[in-house]
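Shown next, in structure tokens, is the structure this report addresses.
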Ligand code: SF4
Ligand code: SF4
């Protein structure tokens, strides 16, 4: 029992040194501030502003960790596309396979930062509305793979089963 207490106290002291005095490993200033004010925020997984709301990530997720939630105010992105929903990623169900990120069209088709990520997404620096108005060339092979994962009802059915 005394040994356990000693280990716990040593562990707490080591972490205290790491966080507040940058000993051993460095915790960045922003994180130190959040820890000291008890305001640590979970990392952002979806860039809702840059997401185009296609629902592809929710379709490919093998564990149903992503749900599309309706936007209070739909956003018109092009003459023919209005964003009506954005994804919400449930980390408790996520197995960090990166399918959502890798199949996000902003990344897959346009080569920009994906707008969803299982760890932390960051912010998109391009105007996605402008981006998706641009013509894009996709090889037939790529189209086949994308359409299979994004809309194949048998894949969706298997996942439900
Ligand atoms: S990384 Fe997580 S949320 Fe994304 S597709 Fe895989 S399991 Fe689903
Ligand atoms: S695949 Fe990308 S653009 Fe489409 S809903 Fe998911 S995050 Fe948004």
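Summary table below
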quantity: All positions within the range 95-120 that are touching a strand residue (DSSP E or B) at 6+ places or on another chain (Cβ under 9 Å) and within 11 Å of ligand 1 (Cβ to nearest atom); calculated: 100, 101, 104, 116, 117, 118
quantity: Any hit, the range 2-22, residues being touching a helix residue (DSSP H, G or I) at 6+ places or on another chain (Cβ under 8 Å) and free of Cβ contacts under 8 Å to residues at least 40 places away in the same chain; calculated: yes
quantity: Check on residue 44, away from ligand 2 (no atom under 16 Å from the Cβ) and at pLDDT below 95; calculated: no
quantity: Complete set of residues in the range 98-115 that are near ligand 2 (Cβ under 9 Å from one of its atoms) and more than 19 Å from residue 134 (Cα to Cα); calculated: 100, 101
quantity: Single residue of 32, 25, 18 found to be modelled with pLDDT under 80, more than 30 Å from residue 126 (Cβ to Cβ), more than 22 Å from the chain's Cα centre (by Cα) and not in a helix (DSSP H, G or I); calculated: 25
quantity: Cβ-Cβ under 7 Å pairs, at least 6 apart or on other chains, the range 117-128 side on the phi > 0 side of the Ramachandran plot, far side modelled with pLDDT of 90 or more and part of a loop (DSSP other than H, G, I, E, B); calculated: 122/113
quantity: Test: residue 84 is surrounded by 13 or more Cβ atoms within 10 Å (Cβ to Cβ), in a strand (DSSP E or B), at pLDDT 80 or above and in the same structural domain as residue 124 (by TED's automatic domain parsing); calculated: yes
quantity: Lone qualifier among 62, 105 - being under 26 Å from residue 119 (Cβ atoms) and surrounded by 15 or more Cβ atoms within 10 Å (Cβ to Cβ); calculated: 105
quantity: Candidates 64, 90, filtered to the one that is within 16 Å of ligand 1 (Cβ to nearest atom), more than 26 Å from residue 132 (Cα to Cα) and touching a strand residue (DSSP E or B) at 6+ places or on another chain (Cβ under 8 Å); calculated: 90
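The values are calculated or read from the model by the stated rules, or taken from the named source; none is laboratory data. Predicted, not measured: the structure shown is a model, and the values here were computed from it. Positions of Cβ are generated from backbone atoms using ideal geometry, with glycine treated the same way; all protein chains shown enter the neighbour counts.
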